[in-house]
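Worksheet: one structure, shown below.
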């Protein structure tokens, strides 16, 4: 019944798509562009005091200055290093521990309640203790990021392994798979989608926490720059740092999501961006 | 020879099976038939080593079955493929102790038997239901088991595919597999394939009737002998509705 109309519209649709970015990309850009337009208008019409809300242009100018002076790159490298190293430590421990507690009901009973109790302590509450134990330098910052990134990965991976389909376990057993081989052949592949959900959440948390970590006696990093902007009353610097955080977080999330899509291409699900 | 002696299985307060006694030796295909929920799948899971008997024993060629064994192949009601493994790796799942060359040859042969050689590198999500079920069958056959257990392997298929699979099952299984134990609730499937049919009632599952099927193969579903046996089995399965069958 709709044969004629689809036959007519399909080729023109294809032609249009060949020259334009995908509708998904366009759709995702509408809101940020609208915000920038309104924001610039508010500044240009002097509706708000520019010392309270710098215009997008002022923020861009600041970003340009920070980039050309090399300040941005140097500080971004420091922050990224902290994020990635803390993330690597936290999620590595989380993956190992999550595999153990997901697989063994006995060890889940021993470890899991303690983990849940520790999880409720706010990350920032740890800062004084980490400084006391590990000093004011890198150690305490990495510890804070590692601790914060541990929980999302641990919880997701553990529940993934614990939820593995009994029917697939039985297939493994009738095919002679036991112990470590059963874990590596059935349990871990089954729970990889859960692991990637955890890793994405952990990476998000890592960028949140690095600001807190860089508030404690840091002399470099984007969090330090942001703090510096606050101390010296430069809102355009603060907002420039916020934009850098947003872009960095989005970039690392995109990297993990891309890896996940490749690794999980066996999943029979609707494609997610 | 498969020997089942005083086999009993209770789940907590629920008596699922037994005591059950029978042996399977000369008859190539033994079909266990019974109404749903009578405990026939529990019987298969016990023989597969997936459940531990409450009492009694299962012996295959003199050795007790207490856990899954490599000489017992199992195809389940649903294909149960690992979605992250290709068809080839699903079929070769249990062959990890084998040399690579032997494994490849065995997997190729099993896939050829179920006519899926072209799909060796496909992922399960790319297969139709019938194809996935054939992969599950190939996986159960690939190690040339002494005993092949089939748990309603065609129940989820459409009627046409089901009849096609039934007609080809014995060619697919091949002469290397000495005994097949098929669980079904489909009377025609039982008569078309079996040398012997055990009718269960339950729970707890017990043998109601044990019938040797001495009809020439391939069996014509419209023949008088086929219809006669069908009526007999229907009467055993649904004793209250005997008049309806007649």
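Readers should treat all values here as calculations from the given coordinates under stated rules, not as data from a laboratory. What you see is a predicted model, and the numbers here were worked out from it, not measured in a lab. Virtual Cβ from ideal backbone geometry, glycine too; neighbours counted across all protein chains shown.
In table form, for the structure just shown:
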quantity: Cα-based equivalent ellipsoid of chain A: semi-axis lengths in Å, sorted from largest, via gyration tensor; calculated: 39, 34, 14
quantity: Label zone at residue B:5 (point 7 Å along Cα-to-Cβ), backbone N below 19 Å, the range B:45-69; calculated: B:46-49, B:52-67
quantity: Added length on full extension, which subtracts the Cα-Cα distance from 0.36 nm per residue, residue A:81 to residue A:263; calculated: 63.0 nm
quantity: For the range A:28-45 and the range A:160-214, distance of Cα centres in Å; calculated: 41 Å
quantity: Length released on extending from residue B:101 to residue B:156, taking residue separation times 0.36 nm less the Cα-Cα span; calculated: 16.4 nm
quantity: Distance between the range B:64-82 and the range B:139-218 - C-alpha centres, whole angstrom; calculated: 15 Å
quantity: GNM top mover of A:146, A:260, A:180 - chain A, alpha-carbon springs below 10 Å; calculated: A:180
quantity: For the range B:124-246: rounded, prolate or oblate by the Cα gyration tensor [a/c cutoff 1.5]; calculated: prolate
quantity: For the protein assembly as shown, share of DSSP beta bridges that run antiparallel, in % to the nearest 5; calculated: 50 percent
quantity: Cα Rg over Rh - the range A:131-268, Kirkwood; calculated: 1.15
quantity: Fraction of the pair-distance distribution of the protein assembly as shown above 42 Å, Cα-Cα pairs, percent; calculated: 44 percent
quantity: Estimated distance in nm for a label pair at residue A:105 and residue A:124, the labels positioned 7 Å out from Cα along Cα-to-Cβ; calculated: 4.2 nm
quantity: Anisotropy class of the range B:130-196 from Cα gyration tensor, a/c 1.5 cut; calculated: oblate
quantity: Residue of A:183, A:26, A:110 that the Gaussian network model of chain A assigns the largest fluctuation, springs spanning Cα pairs under 10 Å; calculated: A:26
quantity: In degrees, nearest ten, helix B:129-141 long axis to first principal axis of chain B (Cα); calculated: 90 degrees
quantity: Residue among B:113, B:40, B:217 with the largest mean-square fluctuation in a Gaussian network model of chain B, springs linking Cα atoms under 10 Å; calculated: B:217
quantity: Acute angle (nearest 10 degrees) that the helix B:100-113 long axis makes with the longest principal axis of chain B, alpha-carbon atoms; calculated: 50 degrees
quantity: Nearest-0.05 FRET efficiency for residue A:117 and residue A:64, computed from C-beta distance (R0 35 Å); calculated: 0.15
quantity: 19 Å cut-off, amide nitrogen to a point 7 angstrom out along residue A:42 Cα→Cβ, residues in the range A:51-67; calculated: A:51-62
quantity: Extension gain, residue B:164 back to residue B:231 (0.36 nm per residue minus Cα-Cα distance, nm); calculated: 21.8 nm
quantity: Acute angle (nearest 10 degrees) that the helix B:159-173 long axis makes with the longest principal axis of chain B, alpha-carbon atoms; calculated: 70 degrees
quantity: 222 nm mean residue ellipticity, helices alone, for the protein assembly as shown (DSSP H n ≥ 4; -39,500 (n - 2.57); rounded to 500); calculated: -18500 deg cm²/dmol
quantity: Calculated FRET value between residue B:125 and residue B:13, using beta carbons and R₀ = 51 Å, to 0.05; calculated: 0.80
quantity: Bridge type composition, the range B:46-194 - antiparallel percent by DSSP, nearest 5; calculated: 20 percent
quantity: Cut-off 15 Å (backbone N to label point 7 Å along Cα→Cβ of residue A:247), residues of the range A:41-65; calculated: A:56-65
quantity: Directionally averaged projected area (convex hull, Cα atoms, chain B), nm²; calculated: 13.9 nm²
quantity: Per residue convex hull volume, Cα atoms of the range B:107-150, in Å³; calculated: 67 Å³
quantity: Nearest-0.05 FRET efficiency for residue A:132 and residue A:166, computed from C-beta distance (R0 56 Å); calculated: 0.75
